[in-house]
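I have placed the structure first, in the form of structure tokens, so that the comments after it can refer back to it.
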Amino acid sequence: MNCLEFRRAAGADPGHLTPEVTAHRDACPACAQYLRDLLIMDATIRKALQVPVSATAVSTSTRPSWAVAPRQRWLALAASLVAGVLVGSVLWIGGPRASLAREVVEHARQEPQSFAATHADPVIVDRVLRAGGIRLRPGAVDVTYASSCPFRGRVVPHLVVRTEHGPVTVLVLREESLTRPIRVREGEFRGSLVPAGPGSIAIFGDTRSDLSEITARLETAVEWIELPGAGQ
Amino acid sequence: MNVPLAGKDRERWFARICEELRPDLFRFAFWLARDRQVAEDVVQESLLRAWRSRDSLETQDSARHWLLTIVRREHARRFERKRLKTVQVDELVNEESPELAVAEEGEVLDMRRAIMRLPDDYREPLVLQVLIGQTTQEIASQLGLTQGAVLTRLFRARQRLRRELGLGGPDDED
């Protein structure tokens, strides 16, 4: 192996040398220095490539629920959800609808950071809505959190909207059809599952909130469109 | 190591894998796109696609390669769909200036700018090797190239960086 061949081999992969390359390095001081310089440069390359991964890059406003560490608890409401137990003051309709309501609550419980978000990127909101096969009438609601979340084997839009009474969670459940509304109450937490379009919408928040207005607004704000990829 | 077979165990395992790899996926996407916002979108979309296809992942060892492939394809798809405009690299560097932060050592900052200026064909294999830690064989598989082509691109990437940063010597090839 000559020096040119050494430099090509070392220049391509300075961290992994073949026996032949190693032998040349041991025999040639100039090439040994060249390799040392390369390794120093690679250390700088490695540092340079480690760009900061900011909070938005692992954004709490976009992260699907399966990526959330269950230990994260940021707000008192989230803590109350964690502490809540499905007994006492809970009003459930029995059977499959009770299971749906329970799973909706459980899903929100897994994303406490959704209540802490103050602003959602409009591009991401648009993407989440489109993926869920819906549009929102412009200006109807103020979305502070948007995430496409796995729920019952499908991916559904999970939104948090700002109201004067505090953040309200909305799950758009295209595949969960209802014939009538279901009211949900659990500790400090209450809401409704309402029939909407082909499926239903889950709307819930702090029990001190009056959800009637936001529920009515959402029922008229949500426009159902074709799911991406449908009809192909 | 084989992955859990099904159900909630598999979902939890999958979520954990994605969370562990997410920073590297973001950095890989960033160096493909050279744009933070695009990288965030690419990763988000990629993880969603990965979630939908999670049943096709067979072993934990292949998870990184699989996810990187998804990110790469999503970036290519986005580029094709949106015809992302070509910008002057100096503009990119200036736009990124908040994260080419003063807090970084000068040589790291200079290196970051130099990497930004590398052609895509040189930059991508370099990122896969140095940041992600893939072997040249894995890189070849990832990029659909021969190992020889990968070695050549890596060599040329380093040569160009040496030249840009004034580290080259008289014996360096042009």
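General observations
- For B:Gly168, nonlocal amide neighbours, meaning residues 5 or more places apart or on other chains whose placed amide H falls under 5 Å from its own, are B:Arg163.
- Charged side chains reduced to their Cβ positions (Lys and Arg at +1, Asp and Glu at -1) give the range B:101-166 a dipole of some 280 debye around its Cα centre.
- Alpha-carbon centroids, the range A:1-37 and the range B:1-79: separation in whole Å: 36 Å
- Using Cβ point charges alone (K and R +1, D and E -1), the dipole size of the range A:3-49 about the Cα centre works out to roughly 180 debye.
- Selected from A:Pro19, A:Ile45, A:Pro29, residue furthest toward positive end of dipole (the range A:3-49; charges at beta carbon): A:Ile45
- Less than 5 angstrom separates the built amide H of A:Thr163 from those of A:Val168, all sequence-distant by 5 or more or on a different chain.
- Backbone geometry of the range B:44-52 corresponds, through the Karplus equation with coefficients 6.51, -1.76 and 1.60 at θ = phi - 60°, to 3J(HN,Hα) couplings of 4, 5, 5, 5, 5, 4, 4, 4, 5 Hz, x marking Gly and Pro.
- Arranged from fewest to most other beta-carbon atoms within 10 Å of their beta carbon, B:Glu74, B:Glu138, A:Glu219 become A:Glu219, B:Glu138, B:Glu74.
- A:Thr22/A:Ala43 FRET efficiency (R0 22 Å; Cβ-Cβ; nearest 0.05): 0.65
- Percent breakdown of C-alpha pair distances by 5 Å bin, ordered from the shortest bin, for the range A:3-49: 5, 23, 35, 20, 9, 6, 1
- Annotation: amide H of B:Gln134 within the under-5 Å range of B:Gln129, sequence separation 5 or more or interchain, hydrogens built in the peptide plane.
- Taking the convex hull of the alpha carbon positions in the range B:1-85 and averaging its projected area over all directions gives 5.3 nm².
- Expressed per residue, the C-alpha convex hull volume of the range B:101-166 stands at 79 Å³.
- Sorting B:Phe14, B:Phe28 from the fewest to the most surrounding beta carbons within 10 angstrom yields B:Phe14, B:Phe28.
Each reported figure results from applying straightforward, stated rules to the coordinates on display, with no laboratory input. Quantities reported herein were computed from a predicted structural model and do not represent experimental measurements. We place every Cβ from the backbone using ideal geometry, glycine too, and count neighbours over all the protein chains shown.
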